Amino acid sequence: MDAMRVAYSLEQCWHRVPGGTATAAIEVARVLPSLRRDIELVGFAGRHSAGPQGAYQPPINIRQLALSGPALYEASMRFGWPKVESATGKVDLLHCTSIIPFATNAKLVATIHDLAFLKYPQFFSRRGNAVFRRSLKILLKRADMLLCSSQSTLEDCSEFGFSRDRLSHVPLGVGAPNVMTTRDQIKTRYNLPDSFLLFVGTLEPRKNLSRLITALETLGDSVPELVVVGATGWGDVTDSAEISSQFKSRVRFAGFVQPSDLGAMYASAEVLCYPSLMEGFGLPILEAMSYGTPVVTSKGSSTQEVAGNAAVLVDPLDVS
């Protein structure tokens, strides 16, 4: 029997901030071929002159569509062009690994990580809100199945109007701990203190970093310094007037950290602080736990679902 050919989107690997959605898509593409030899993943993305940054290199060959980025998204949703088959050839199924619905003649499955743009539109740009809302409406009409990262996201999709038989809960996972850098090396490379708290995530308003720093400020010198790991997304999350300049001096912004260093960061931290207002899943929670690092995260939404009884849960709106 011939293998099922599945067109598999990896366009987000080229985003300025690929984030967790790209990480999840890459890991599936890396592992699935060895687990399911009856499935042929045919990777595709837009037309790019160079590859993505090192950590987000796709593990499978990529076929290129005629457009890329916002132009590709707009043309796919507005005009139904270019069809993914123009790059991949005939396929049995299209798997959109994010909310963006690419044009196809095949059956369509999409992975949905969260619907935060519906609950917290103020945390997204006007254009982002418009694109995500239109994408969801198109998926409501066209998608044969949605794969939801968390039960929380599944419930949100159900409330939006998707029938339960079109929704499947497919939680994310993490690989085995992989510390390629020693603790001494990581502390020297990033000028880290001997003891520190860790935050990992794209720097954007819904990550709630300003409230975290404000809460730590009230504790003063009784807590270690905070090391913030993550690329800058959008929105003013590091210069809030609520944050005193005195405590900001005890916050170290490490920027984007390569996966080869991130494991040692987790292993060296006293605690992962992850008080996000809303997540589709919250990979840093599991990543930290895989290194034996305690976690403090938010009550409600998927963060509590992912953490279970293995983390300290807090009200993300209460800084006291």
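The values are calculated or read from the model by the stated rules, or taken from the named source; none is laboratory data. Note that this is a predicted model, so its numbers are computed, not measured. For neighbour counting, all protein chains shown are included, and Cβ atoms are generated from backbone atoms with ideal geometry for every residue, glycine included.
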**Message:** Out of the helices (runs of 4 or more DSSP H) lying entirely within the range 54-123, which hold 2 or more residues that are free of Cβ contacts under 8 Å to residues at least 40 places away in the same chain and more than 17 Å from residue 5 (Cβ to Cβ)?
**Reply:** 69-79
**Request:** Quick one: in the range 50-109, of everything that is touching a helix residue (DSSP H, G or I) at 6+ places or on another chain (Cβ under 9 Å) and of a type in the set (Phe, Trp, Tyr), which residue is surrounded by the most Cβ atoms within 10 Å (Cβ to Cβ)?
**Result:** 102
**Message:** It is to be established whether one or more residues within the range 194-209 are surrounded by 14 or more Cβ atoms within 10 Å (Cβ to Cβ), over 20 Å from the mean Cα position of the chain (by Cα) and closer than 30 Å to residue 317 by Cα.
**Reply:** yes
**Asked** Can you tell me which residues in the range 34-53 are of a type in the set (Gly, Ala, Ser), assigned to a loop (DSSP other than H, G, I, E, B) and either touching a strand residue (DSSP E or B) at 6+ places or on another chain (Cβ under 8 Å) or under 18 Å from residue 109 (Cβ atoms) (or both)?
**Response** 46
**Asked** Restricting attention to the range 126-140, does a residue exist that is touching a residue at least 60 places away in the same chain (Cβ under 8 Å), outside the structural domain of residue 258 (by TED's automatic domain parsing) and loosely packed, with under 15 Cβ neighbours inside 10 Å?
**Response** no
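Picking from 106, 55, which residue would you name as being under 30 Å from residue 256 (Cα atoms), hydrophobic (A, V, I, L, M, F, W, C) and either in the same structural domain as residue 18 (by TED's automatic domain parsing) or within 23 Å of the chain's Cα centre (by Cα) (or both)? Quick ask: steps written out before the conclusion?
Numbers: 106 fails: under 30 Å from residue 256 (Cα atoms).
Going through 106, 55 in turn, the sole match is 55.
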**Asked** Identify, please: which residue in the range 252-280 is farther than 15 Å from residue 207 by Cα and in contact with an Asp or Glu (Cβ under 7 Å, 6 or more places away or on another chain) and is, among those, modelled with the highest pLDDT?
**Response** 266
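Can you report the number of residues in the range 16-32 which are surrounded by fewer than 15 Cβ atoms within 10 Å (Cβ to Cβ) and at pLDDT 90 or above? Spell out the reasoning first.
To start, the set of residues in the range 16-32 that are surrounded by fewer than 15 Cβ atoms within 10 Å (Cβ to Cβ) comprises 16, 30-31.
Then keep just the ones that are at pLDDT 90 or above; that gives 30-31.
So the count comes out to 2.
Would you confirm whether or not the range 7-18 contains a residue that is closer than 24 Å to residue 283 by Cα and assigned to a strand (DSSP E or B)?
Let us first name the residues in the range 7-18 that are closer than 24 Å to residue 283 by Cα, namely 8-18.
Then keep just the ones that are assigned to a strand (DSSP E or B); that gives 8-9.
Yes, some residue in the range 7-18 is closer than 24 Å to residue 283 by Cα and assigned to a strand (DSSP E or B).
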**Message:** As an exercise: evaluate residue 167 against (1) over 18 Å from residue 272 (Cα atoms); (2) at pLDDT 90 or above; (3) surrounded by fewer than 17 Cβ atoms within 10 Å (Cβ to Cβ) and give the number of the one condition it does not meet.
**Reply:** (3)
**Prompt:** Out of all the residues in the range 188-235, which are part of a strand (DSSP E or B) and either farther than 22 Å from residue 259 by Cα or free of Cβ contacts under 8 Å to residues at least 60 places away in the same chain (or both)?
**Reply:** 203, 225, 226, 227, 228, 229
**Asked** Are any residues in the range 174-200 within 13 Å of residue 226 (Cα to Cα) and among the hydrophobic types (A, V, I, L, M, F, W, C), and if so, which ones?
**Response** 192, 196, 197, 198, 199, 200
**Message:** Would you confirm, using the coordinates I've provided, whether residue 221 is in the same structural domain as residue 296 (by TED's automatic domain parsing) and surrounded by fewer than 20 Cβ atoms within 10 Å (Cβ to Cβ)?
**Reply:** yes
**Message:** Condition check: closer than 19 Å to residue 25 by Cβ and either without any contact (Cβ under 8 Å) to a residue 12 or more places away in the chain or assigned to a strand (DSSP E or B) (or both). Does residue 147 satisfy that?
**Reply:** yes
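Give the range 283-300 a look and list any residue that's of a type in the set (Gly, Ala, Ser) and either at pLDDT 95 or above or over 23 Å from residue 216 (Cα atoms) (or both), or say none. Talk me through it step by step, then tell me what you get.
The initial filter retains those residues of the range 283-300 that are of a type in the set (Gly, Ala, Ser), namely 288, 290, 292, 298, 300.
288, 290, 292, 298 - these are the residues of the range 283-300 that are of a type in the set (Gly, Ala, Ser) and either at pLDDT 95 or above or over 23 Å from residue 216 (Cα atoms) (or both).
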